[in-house]
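The values are calculated or read from the model by the stated rules, or taken from the named source; none is laboratory data. A quick note: this is a predicted structure, and the numbers were derived from the prediction, not measured. Note that each Cβ is placed from the backbone with ideal geometry, even for glycine, and that neighbours are counted across all protein chains shown.
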Amino acid sequence: MSSLKLNELKLEELLVNNHITSIFLHLKTINKPLGVREIQRNLNISSTGSTHWHLQKLVDNGAIDQVEGNKYKIAPKYEDLRTIPLRVVLNHYIIGNQLVPNVFFLIFFLINIILLLSTAFLLNLWIPGFFIGVFSSFFSLIAIIRFYQQMIKK
């Protein structure tokens, strides 16, 4: 985002507003141009005027583009965005059309380690279990440190 205009906000500053965030995420996950009424209905926003105002805020800051037929789509610079910088919620990854929190991967990894070690010890595989434990503990430590570094950045 090195080519910010003077009136553009950073994406994370723009996504502080709940309606703006939900509109941006909706357009990002749907991945096709939508009109004001479609967005209003899909997100249960009270009025088309309010929806239009929030859309205009996104357009003014370069997060979305207005296309033919008075429809809106994600700006090209955000089409390949994989991590959405949300201040209130932890960062998310987009997998398919779903938003998955970073913490999900950490929890999934830790549960897999516990299951793997339990299986190794239940089957009396002490030596392989020890090496698996050391190996997985090392990667768990790296994952936890990386997670907390992301938390501190905010």
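The number of residues in segment 30-77 that are part of a helix (DSSP H, G or I) and in contact with a Lys or Arg (Cβ under 7 Å, 6 or more places away or on another chain) comes to 1. Being over 27 Å from the mean Cα position of the chain (by Cα) and surrounded by 13 or more Cβ atoms within 10 Å (Cβ to Cβ) is the filter; apply it to segment 124-154 and report the residue that is modelled with the lowest pLDDT. Here the residue is 129. Only residues in segment 10-39 that are closer than 16 Å to residue 99 by Cα count as the first member; pair them with residues that are surrounded by 17 or more Cβ atoms within 10 Å (Cβ to Cβ) and polar (S, T, N, Q), Cβ under 8 angstrom, at least 6 apart or cross-chain, and list the lot. Correct list of pairs: 15/21; 23/51. Pairs linking a residue in segment 108-120 that is more than 15 Å from residue 139 (Cα to Cα) to a residue that is assigned to a helix (DSSP H, G or I), with Cβ atoms under 7 Å and 6 or more positions apart or on different chains, are 120/128; 120/129; 120/132. Selection of segment 9-29 for residues being outside any helix (DSSP H, G or I), surrounded by 13 or more Cβ atoms within 10 Å (Cβ to Cβ) and either within 18 Å of the chain's Cα centre (by Cα) or modelled with pLDDT of 90 or more (or both) yields 15, 17.
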